[in-house]
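Inspection log for the structure reproduced underneath, given as structure tokens.
The values are calculated or read from the model by the stated rules, or taken from the named source; none is laboratory data. Here the structure is a predicted model, which is why all the values come from computation and not from measurement. Glycine also receives a Cβ, built like all others from the backbone with ideal geometry; neighbour counts cover every protein chain displayed. SASA here: full protein model, heavy atoms, side chains in, ligands and nucleic acids out. Shrake-Rupley method; radii C 1.70, N 1.55, O 1.52, S 1.80 Å.
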Amino acid sequence: MNVNQHTPMASPYGQPQPGYGQPSYAPLDGGYPAPYAPYNGPASAYQPGAPPQGYSPFTSFPSKAVAANPVSDLSSPLDLGPGRGPPTSGPPPVSAPQQYTQYSHSQGDMQNGPPTMTQAPPRPAVSQPYSQGAMNLSGPPHPSYPQHYGPPPSMQHVTNQMSGMQITSGPPTPAGPGYAPPHSSQPPVSTAFPGAPPPSYTQAPPPAASSAPTQPPTPSGPAASQQYYGGPPPSQQPFNSSLPPTSQQQFTSSAPPPPSSQQSFSPSSYTGPVPPPTQAPAPPVSQPQQSFLPTQPPFSSAPPPVSQPAFMSGPPPPAQGSFPSQAPPPSSQPGSFPPPGPPPTSAPSGQYPGPMPPQQQPPPSQPPPYLSGPPPPRAQMPPTSMAQSNHLPPGPQGPTCPPGPMQQPPSQPGMQGGYPPQQNGAFGQPRGPQPGYAGPYPGQPNYGAPAPAPAPAPPAQKRLDPDAIPSPQASDMPAVQKSRHRIDPDAIPSPIQVIEDDKTKSTEPFTTGVRGQAPPLVTTNFQVKDQGNASPRFVRCTAYNMPCTSDMAKQSQVPLAAVIKPLATLPPDETPPYLVDHGEGGPIRCNRCKAYMCPYMQFIEGGRRFQCGFCSCVTEVPPHYFQHLDHTGKRVDCYDRPELSLGSYEFLATVDYCKNNKLPQPPAFIFLIDVSYNAVKSGMVSIVCQELKTLLDYLPRENPEMDSVVRVGFVTYNKVLHFYNVKASLAQPQMLVVSDVSDMFVPLLDGFLVNVNESRLVIESLLDQIPEMFADTRETETVFGPVIQAGLEALKAADCAGKLFVFHTSLPIAEAPGKLKNREDKKLIGTDKEKSLFQPQVGFYNTLAKECVAQGCCVDLFLFPNQYVDVATLGVVPVSTGGSVYKYTYFQAQSDQERFLNDLRRDVQKPVGFDAVMRVRTSTGIRATDFFGSFFMSNTTDVELAGLDCDKAVTVEFKHDDKLSEETGALMQCAVLYTSCSGQRRLRIHNMAVNCCSQLADLYRNCETDTIINFFSKYAFRGILNNPTKAVRDTLVNQCAQILACYRKNCASPSSAGQLILPECMKLLPVYLNCVLKSDVLMPGADISLDDRAYLRQLISCMDVAETHVFFYPRLLPLTKLESGSLPVAVRNSEERLSKGGVYLLETGLHLFLWVGASVQQELLLNIFGTQSFSQIDPSMTSLPVLDNPFSQRLREIVDSFRAQRSRYMKLMVVKQEDRAELIFRHFLVEDKSNSGGASYVDFLCHMHKEIRQLLS
């Protein structure tokens, strides 16, 4: 099957490329391109017409478990692989594409599809072209493609690669590299940017790609970027939007118009509505197209296709539409592809890259290969310009020869159609070339290939989305880039669409009383009413329907986990957990399993006993706790007691719950400041001392009216340690020096830890003197281990818990315990020895961490390095004690002071518990088996945290140890015993009940992708400690493929293998997983230091779901219009979504970027920067000027609100288009190909489709 052809590529998945191994993607399914297009939302849509074909599946789709609402079912078929594997012959492949088309039709359903209507009309037009397109496919198309890329050498390369790839089925050899073509596409983009991307597709093709990129980019730095930004996206998008639905789905579907031709493809899938023979030769290409064409006719099922869009998920379509708008791209599109003519050309060119070559090859044989590959479809698509859109990738090719290519389109007859613009995104948004993506998949020419065919008819479709980026931009984009994607990015599931759809669904407060109800997404603002289960702000699960048996869990491979944030802060309109005091007897607990009283306990015998919901043991109710039951068996005081009616609450702990059976002392904060040469010279020492004078008034307290009971102490150090006596009775502070760092002790007991108010004058005197004392120091060496030992010994002497704030600058090379050496070795990156770089260099710090946890000594580390400091080793103690690491590389007082001081203030003031122990109990049938986060474990059940603050989350994995029942569901109770900042011992309880299911369809209906990604990222980032990064990436890809293949096999209606069918609630799993795989930790670029990777690895280990979501898929907001009270709708993270005339705000959770397009309107510049022209903007500014206009005020409000939502202060970086800093910004456009070799979203989706097909076969 085509599938097979693609498979070759698959193996390359990670190999060829540095990163994802584009090749592998391309291979995904030779037909990927088409498949993408298919994307058809829910199967149901398909159903209608499609059934005859094997594809009918769509219709079955609906039948899937979800059946009721296929869309929601989630079954969204992505129809990535038109030729997907089903029919070896050309026709079948077609059918797959058709499905896509259907999907497009569904447009509405489509996640981001533009209006389906739009799409439909174009389709017809296309159809005429279609036939011609088909013809093309068979013969001319190839030439046209070749031509296309002939003009731009790079393109050519790409094309060749692509063709190889596509053909792959026939001539798989190229396929492996196939990715390269995309590469080339990408390169163009890259040119606009750095051009690093090409490298990413290291495969052979890359070279070509690289040249291609140059070409496009060459057009002009700005132009290129334009393309990226606005151009491509718009063109793609708008285009898509027109015929998006079908086209999108099918990608190929665009081609629908030429139904007959289509049919031929479809034959297999569509039962051959169209004469396959005709198309047969072209099928390969045509296939994808065919899907498009079929879309229309075949689409009979098309209507269902619409539903398919549902696949995207009902809402998506709108999103799509919205995209376009975001996408200003559409308008840009026109520019980019002048309506019909140019667009087509670009599409064709894109196609060439992939499909063309295939076509060139033997069309007939190609078909099979193509089958899976959409490229052929593209060719056929011509009729449907939409298809072309889908082929966007091809478009990029066009870009390679931008102007020329555009003209070239004619050569690509099909492409000629106006649709070409759409090509990129079936959806109509002119999604142009997705800079990120090189040619979508090099291997995947299919995507693009069909586009060529899309004949001129589409022009109208062009679909310039008003929204789309300005037309000029699109045109600016190199044609190559535009054609880049073979698959229309708008035809594949859009994160923005899903996020926006969820916001519209979640209007009422979320009540937690319904067992197994999945909460709104973390990106949605909602109010929670606790009615018996913990708020999603405290606990989020990967699945709210647990499989009843371990066999079912193994079959699905869906991780069963919960992300628990025990001390999470709640918004002002929600009530914090109540504190319950049960007196000297302490909390009521089950005799056997020791679970705490909660709403799952069943009172029996008139209320004299209760049966545990976790272990079923019956326990006597203490006389003081007795209460009568009402007629329903509930206690009459049920709603008066938080522990009987709420999901989250606290118990006051008795002395039995305290260390050594004595009540704890209030905690202490000790500040340990590095005063070596680097620390003084950078300004860090004086900044810290100045800030502490005011910060000490804001130490944490429970009652804002009262003074904090936290005591403070101060130490400075370089090679030796200086302790300070700041007793209130002293006139001046006294310094005591400990130079024997090998045997650390605290030289004073009285006067080291003091009350701030009592010793304020002495403390201020000390903080004024420290910077002066060390102003002329020449000491450059530092120690680190003894510094933590000193703080630990001080807390031991005071018999209290507490936190150390360590401000440190350099690798500790001075002779002392914990001394380190520089072991940074770039040569180890990518080898089996790379894992050693993430492990601590010495065992000293592990032992020290254990001692700290035993004392309740939490360590927060603020690093100010100018070179390698071995974060992997220095971070061991902070991570093991529940602390945090903050890193300010090349710290400069002027530009980094704001970020550091905000982080320090928040870190000192935030609610924190000490000496904490967390245990997760579960009902019979499952148990907690694995834990991820910043903590220490001395046994298999207790999570020990010297400190636990409101930002720390712990991810817990569950495994079956018995069967669960659907009646009782599964229960979990997280109990955290901790000392509050006022010195009170407390128990915080969070209860969660989820449903259990015996049908896989029910499991797949109630999962939360964001939580699954949180689990996968932590699992992977821990895995690199013991495994090569490539093995970790492969494991993630394999598990994701197994999850989706199990769904396809057991829950989705039968359908062509060419379709990619995703569960509705997991349709974003591939795009988010790709972001994890491309992260700096798993796939570092050449400019990422080992310290940065270790820092991110540690940081993400304790993130909650909202933080991992924005970290892996940043938020990108267009700032052309700002309204008070609401945020602009985000756009997708791709360069092609950026408009040259726009300004965008990108938030990653750690950084804020303000990207300014080169042709931004003067009014915007005046409102934001107060400057007249683009050239006057100062790129070094870190804060926005305070201007007296509504736009400036609203923008600053948005920036402030974003910062308030995150645990770390995000420094603002202004990025001017075409500026060097744009490289950094582009790194976060995660749907594009990355410089380090990470695949674009389109490429990865194809790769994932291929992996799934291999598993199914």
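The single condition among (1) free of Cβ contacts under 8 Å to residues at least 40 places away in the same chain; (2) touching a Ser or Thr at 6+ places or on another chain (Cβ under 8 Å) that Leu820 does not meet is (1).
Elements of the type strands (runs of 3 or more DSSP E) sitting completely within segment 863-969 and holding at least 2 residues that are closer than 30 Å to Cys548 by Cβ: these cover 912-922, 926-932, 954-960.
Go through Val746, Val787 for me and flag whichever is closer than 18 Å to Ile673 by Cβ, among the β-branched types (Val, Ile, Thr) and over 43 Å from the mean Cα position of the chain (by Cα).
Details: Val787 fails: over 43 Å from the mean Cα position of the chain (by Cα).
None of the others qualify; the one that does is Val746.
One residue stands out among those in segment 710-733 that are touching an Asp or Glu at 6+ places or on another chain (Cβ under 9 Å) and assigned to a loop (DSSP other than H, G, I, E, B): the one that is least open to solvent (accessible area, probe 1.4 Å), which is Asn718. How about segment 1198-1231: which of its residues are part of a helix (DSSP H, G or I) and either closer than 14 Å to Glu1147 by Cβ or of a type in the set (A, V, I, L, M, F, W, C) (or both)? If the condition is that a residue be part of a helix (DSSP H, G or I) and either closer than 14 Å to Glu1147 by Cβ or of a type in the set (A, V, I, L, M, F, W, C) (or both), then Ile1198, Val1199, Asp1200, Ser1201, Phe1202, Arg1203, Ala1204, Gln1205, Leu1223, Ile1224, Phe1225 are the ones that fit. For segment 494-547, the tally of residues that are open to solvent by less than 20 Å² (accessible area, probe 1.4 Å), touching a helix residue (DSSP H, G or I) at 6+ places or on another chain (Cβ under 7 Å) and not in a strand (DSSP E or B) stands at 9. In the set (1) assigned to a loop (DSSP other than H, G, I, E, B); (2) at pLDDT 95 or above, the condition left unmet by Thr632 is number (2).
Residues are listed down the side, and each one gets a yes or a no for (1) of a type in the set (S, T, N, Q); (2) closer than 30 Å to Met552 by Cβ; (3) under 27 Å from the mean Cα position of the chain (by Cα):
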| position | (1), (2), (3) |
| --- | --- |
| Arg927 | no, yes, no |
| Phe931 | no, yes, yes |
| Met937 | no, yes, no |
| Leu945 | no, no, no |
| Asp949 | no, no, yes |
| Asp962 | no, yes, no |
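Looking only at segment 658-689, residues that are part of a helix (DSSP H, G or I) and β-branched (Val, Ile, Thr) come to 4 in all. Scanning segment 556-573 for residues that are in contact with a helix residue (DSSP H, G or I) (Cβ under 6 Å, 6 or more places away or on another chain) and outside any loop (DSSP other than H, G, I, E, B) yields Ser556, Ala561, Val563.
Which one is surrounded by the fewest Cβ atoms within 10 Å (Cβ to Cβ), of the residues in segment 970-984 that are of a type in the set (S, T, N, Q) and part of a strand (DSSP E or B)? Even if it seems obvious, please write down each step before you answer.
Going through segment 970-984, the residues of a type in the set (S, T, N, Q) turn out to be 973, 979-980, 982, 984.
From what is left, the residues that are part of a strand (DSSP E or B) are 973, 979.
On the way: Gln973: 23, Thr979: 28.
This residue is Gln973.
So which of Glu764, Glu781 is touching a residue at least 40 places away in the same chain (Cβ under 8 Å), part of a loop (DSSP other than H, G, I, E, B) and at negative phi?
Values: Glu764 fails: part of a loop (DSSP other than H, G, I, E, B).
Only one candidate qualifies: Glu781.
Looking at this structure, is Met937 within 26 Å of Val709 (Cα to Cα) and out of contact with any Gly (no Cβ under 7 Å at 6 or more places or on another chain)? The answer is no for Met937.
Taking segment 1049-1065 on its own, how many of its residues are in contact with a strand residue (DSSP E or B) (Cβ under 6 Å, 6 or more places away or on another chain) and either part of a loop (DSSP other than H, G, I, E, B) or open to solvent by less than 30 Å² (accessible area, probe 1.4 Å) (or both)? Step through it out loud before you land on a result.
Start the filter on segment 1049-1065 by keeping residues that are in contact with a strand residue (DSSP E or B) (Cβ under 6 Å, 6 or more places away or on another chain), which leaves 1052, 1058-1059, 1061, 1065.
Keeping just the survivors that are either part of a loop (DSSP other than H, G, I, E, B) or open to solvent by less than 30 Å² (accessible area, probe 1.4 Å) (or both) gives 1052, 1058-1059, 1061.
Matching residues across segment 1049-1065 total 4.
Screening segment 985-1034 for residues that are assigned to a helix (DSSP H, G or I) and of a type in the set (D, E, K, R) and picking the one that is farthest from Val956 (Cα to Cα) gives Lys1030.
So which residues in segment 734-745 are assigned to a loop (DSSP other than H, G, I, E, B) and open to solvent by 30 Å² or more (accessible area, probe 1.4 Å)?
First, pick out the residues of segment 734-745 that are assigned to a loop (DSSP other than H, G, I, E, B): 739-745.
Listed by number, the residues that qualify are Ser739, Asp740, Ser742, Asp743, Phe745.
Here Leu692 fits the description: in contact (Cβ under 8 Å) with a residue 60 or more places away in the chain, within 40 Å of the chain's Cα centre (by Cα), on the phi < 0 side of the Ramachandran plot and part of a helix (DSSP H, G or I). The C-beta contact set for segment 846-868 (first residue more than 10 Å from Ser880 (Cα to Cα) and at pLDDT 95 or above, second residue β-branched (Val, Ile, Thr) and part of a strand (DSSP E or B), distance under 6 angstrom, 6+ apart or interchain) comprises Leu861/Val806; Leu861/Val885.
Being in contact (Cβ under 8 Å) with a residue 60 or more places away in the chain and more than 22 Å from Met601 (Cβ to Cβ) is the requirement here; does Gln973 meet it? No: the conditions fail for Gln973.
Listed by first and then second residue, the pairs linking a residue in segment 638-649 that is under 15 Å from Gln602 (Cα atoms) and open to solvent by less than 30 Å² (accessible area, probe 1.4 Å) to a residue that is aromatic (Phe, Trp, Tyr) and in a helix (DSSP H, G or I), with Cβ atoms under 8 Å apart and 6 or more places separating them unless they lie on different chains, are Ser645/Tyr639. In the set (1) assigned to a helix (DSSP H, G or I); (2) under 26 Å from Arg905 (Cα atoms); (3) basic (Lys, Arg), Lys803 fails one condition alone, (1). Each residue in segment 811-831 was checked for being closer than 21 Å to Val675 by Cα and surrounded by 15 or more Cβ atoms within 10 Å (Cβ to Cβ), and 9 pass. Residues in segment 848-864 that are open to solvent by less than 10 Å² (accessible area, probe 1.4 Å) and in contact with a Lys or Arg (Cβ under 7 Å, 6 or more places away or on another chain): Cys858, Asp860, Leu863.
Counting only residues that are of a type in the set (A, V, I, L, M, F, W, C) and open to solvent by 10 Å² or more (accessible area, probe 1.4 Å), how many does segment 669-695 have?
2
Within segment 838-845, identify whether any single residue is of a type in the set (S, T, N, Q), within 27 Å of the chain's Cα centre (by Cα) and surrounded by fewer than 19 Cβ atoms within 10 Å (Cβ to Cβ), and answer yes or no. Checking segment 838-845: at least one residue is of a type in the set (S, T, N, Q), within 27 Å of the chain's Cα centre (by Cα) and surrounded by fewer than 19 Cβ atoms within 10 Å (Cβ to Cβ). Among residues of segment 695-705 being over 12 Å from Pro911 (Cα atoms) and in contact (Cβ under 8 Å) with a residue 24 or more places away in the chain, the one that is nearest to the chain's Cα centre (by Cα) is Leu695.
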